[in-house]
Amino acid sequence: MKGKSLPDPRGAGRPIALAIVCALPAELRGLRASLSRERPLTMPGGHGHVGRIGAVRTAVLATGVGLRRACEGTLALLRSSDRPGAVLSVGYGGALSSDLRSGDLVLAERVEAEPPAAERYEPDARLLEEAAAVSPGRGRIVRGTILTLAAPRARASEKRALGADTGASIADMETAGVARAAAEEGVPAVFVRAVVDEAGDDLPPAVDTFIDARGRPRILRIALALIGRPRTLASVLRLRSQSRRASAALSRFAAEFAARAAR
């Protein structure tokens, strides 16, 4: 997936120039102001909108949580009449490096999936350089490896050990699925993850059960997890603040990346 450039941003020869793919709508909540919506976009297991960011005709797709959903949703888009010319994969991640702070962005030089998948992908070289030229805003943009997991690592000790064992900078649950789909369809792609929880942060117990596969909160499970546990409440509130910081960084990055495509 090297050597291809971003197509005509106005979509000449293709209906959509850029697809921005995430797992959850909340990850890109700040992008709504930049996207001029034209119509809904519905794919198996995913949903979003087609519109424009400036002059760039753009699809924004939320696939749901996990590698399989990310791959299936992205494949459905790439095989549809709305097939884009390039893919920007964005989303939340947990830091595996102690150097990263909440709101920092990791630009993938390599994407890996943990065993048994054990897959490896690289971004399109020219899209990577375009992404690296985006202004970092309040945080930083660093290059590194994104590691896709089947389940999050909740303990700080687990995250640090995983980072030391693999050399990865950040972990998530979808990037390798998007990368697999883009590679299968021969569509150039680039991958960015925003740090939510830092390497030294313990996540709330059973945090992976707090939302369903579409990102909808499971209120009863959250309430049961919080009853009589003030430390868990503090951890949840911290995670909420970190998630909002990460969403703002991702939305700002995606809007500027699309704007650069129009130059």
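Where a number appears in this text, it was derived from the coordinates with a stated rule and is not lab data. All of these numbers come straight from a predicted model, not from anything done at the bench. Reconstructed Cβ throughout: ideal geometry from the backbone, glycine too, with neighbour counts over all protein chains shown.
Enumerate the residues in segment 74-110 having an amide nitrogen under 18 Å from the point lying 7 Å beyond the Cα of THR166 toward its Cβ. Taking a point 7 Å out along Cα→Cβ of THR166, the residues of segment 74-110 whose backbone N falls under 18 Å are 89-101, 105-110. Sorting 91-99, 24-32 by their mean Cβ neighbour count within 10 Å, with the most densely packed peptide first, gives 91-99, 24-32.
From most to least packed by mean Cβ count within 10 Å, the peptides 188-200, 52-64, 142-154 give 188-200, 52-64, 142-154.
Most simply put, segment 16-261 has about 45% antiparallel DSSP beta bridges, counting only bridges with both residues inside it. Summing charges over all other residues whose Cβ lies under 9 Å from the Cβ of ALA108, with Lys and Arg as +1 and Asp and Glu as -1, gives +1. Note on SER36 and ARG120: with the Förster distance fixed at 51 Å, the Cβ-Cβ geometry gives a FRET efficiency of about 0.85.
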